[in-house]
1. Kindly indicate which of 58, 17 is surrounded by 12 or more Cβ atoms within 10 Å (Cβ to Cβ) and of a type in the set (Val, Ile, Thr).
2. Quick check on the stretch 5-14. Is at least one of its residues touching a residue at least 60 places away in the same chain (Cβ under 8 Å), on the phi < 0 side of the Ramachandran plot, among the hydroxyl-bearing types (Ser, Thr, Tyr) and open to solvent by 70 Å² or more (accessible area, probe 1.4 Å)?
3. I'd like the full set of residues that are open to solvent by 80 Å² or more (accessible area, probe 1.4 Å) and among the charged types (D, E, K, R), limited to the stretch 119-132.
4. Against the definition (modelled with pLDDT of 75 or more, part of a helix (DSSP H, G or I) and surrounded by 14 or more Cβ atoms within 10 Å (Cβ to Cβ)), how does residue 36 come out, yes or no?
5. Out of the residues in the stretch 64-107 meeting the condition of being open to solvent by 80 Å² or more (accessible area, probe 1.4 Å) and of a type outside the set (Val, Ile, Thr), tell me which one is farthest from residue 4 (Cα to Cα).
6. Starting from the stretch 98-110, take each residue that is of a type in the set (A, V, I, L, M) and list its partners that are assigned to a helix (DSSP H, G or I) and open to solvent by less than 70 Å² (accessible area, probe 1.4 Å), counting only C-beta distances under 7 angstrom and pairs at least six apart or across chains.
7. Of all residues in the stretch 47-74 being small (Gly, Ala, Ser) and not in a loop (DSSP other than H, G, I, E, B), which is nearest to residue 15 (Cα to Cα)?
8. Of the conditions (1) open to solvent by 80 Å² or more (accessible area, probe 1.4 Å); (2) assigned to a helix (DSSP H, G or I); (3) not charged (D, E, K, R), residue 44 clears all except one; give me its number.
Amino acid sequence: MEKKPYLKFLLFSVFLVLAIYLVRFSPFAERLSASALKSFIEGFGFPGFIIFILLYAVGVMIAIPGTILTLTGALLFGTALGTLLNVLGASIGEVLAFLLARYAGRDIVQIFLKGKIEDFEKMVEKNGFTVILILRLI
């Protein structure tokens, strides 16, 4: 059996554990209050917007609930600008999560599903809208 899919899965798991540790249990976690985050972002000026978008994208990738990220954007930047930055961050994060899952996670999923991915891909080709709609509803 090939070791590459397991190595990718292990690396992703280590990344996820480190991210959770950093956000929850490290001294860095104390700096994640709304006022501390706002002063940190404002200290950068315009590049602070880009930093927020990147932080939002990473949050999406490591499955931080979108409500928390969106409320943070609204608190930091107001309604209009916060909405724009939230949408940009969410879109970038979703694309990156998709690419990560497609290229790093596909091998491990194929091992678990044992050839069923091809059947799923054929079903999506034939009835793409319906399949995606059902998956989104689930």
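1. Details: 17 fails: surrounded by 12 or more Cβ atoms within 10 Å (Cβ to Cβ).
The match here is 58.
2. Scanning the stretch 5-14 turns up at least one residue that is touching a residue at least 60 places away in the same chain (Cβ under 8 Å), on the phi < 0 side of the Ramachandran plot, among the hydroxyl-bearing types (Ser, Thr, Tyr) and open to solvent by 70 Å² or more (accessible area, probe 1.4 Å).
3. First, the residues of the stretch 119-132 that are open to solvent by 80 Å² or more (accessible area, probe 1.4 Å): 119-120, 122-123, 125-126, 129, 132.
Result: 119, 122, 125, 126.
4. Answer is no for this residue.
5. Across the stretch 64-107, the extreme among qualifying residues is 80.
6. These pairs meet every condition: 100/61; 104/8; 108/5; 108/8; 109/117.
7. So in the stretch 47-74, the residues small (Gly, Ala, Ser) come out as 48, 57, 59, 63, 66, 73-74.
In the following step, the residues that additionally are not in a loop (DSSP other than H, G, I, E, B) were identified as 48, 57, 59, 66, 73-74.
Working: 48: 25, 57: 15, 59: 13, 66: 20, 73: 25, 74: 28 Å.
Ranking the candidates gives 59 first.
8. Checking residue 44 against (1) open to solvent by 80 Å² or more (accessible area, probe 1.4 Å); (2) assigned to a helix (DSSP H, G or I); (3) not charged (D, E, K, R), the one that fails is (2).
The values are calculated or read from the model by the stated rules, or taken from the named source; none is laboratory data. Treat the numbers as computed from the prediction; the structure is a model and nothing was measured. Cβ coordinates were reconstructed from backbone atoms using ideal geometry, including for glycine residues, and neighbour counts include every protein chain displayed. Only protein heavy atoms, including side chains, enter the accessible area calculation; ligands, DNA and RNA are left aside. Shrake-Rupley method; radii C 1.70, N 1.55, O 1.52, S 1.80 Å.
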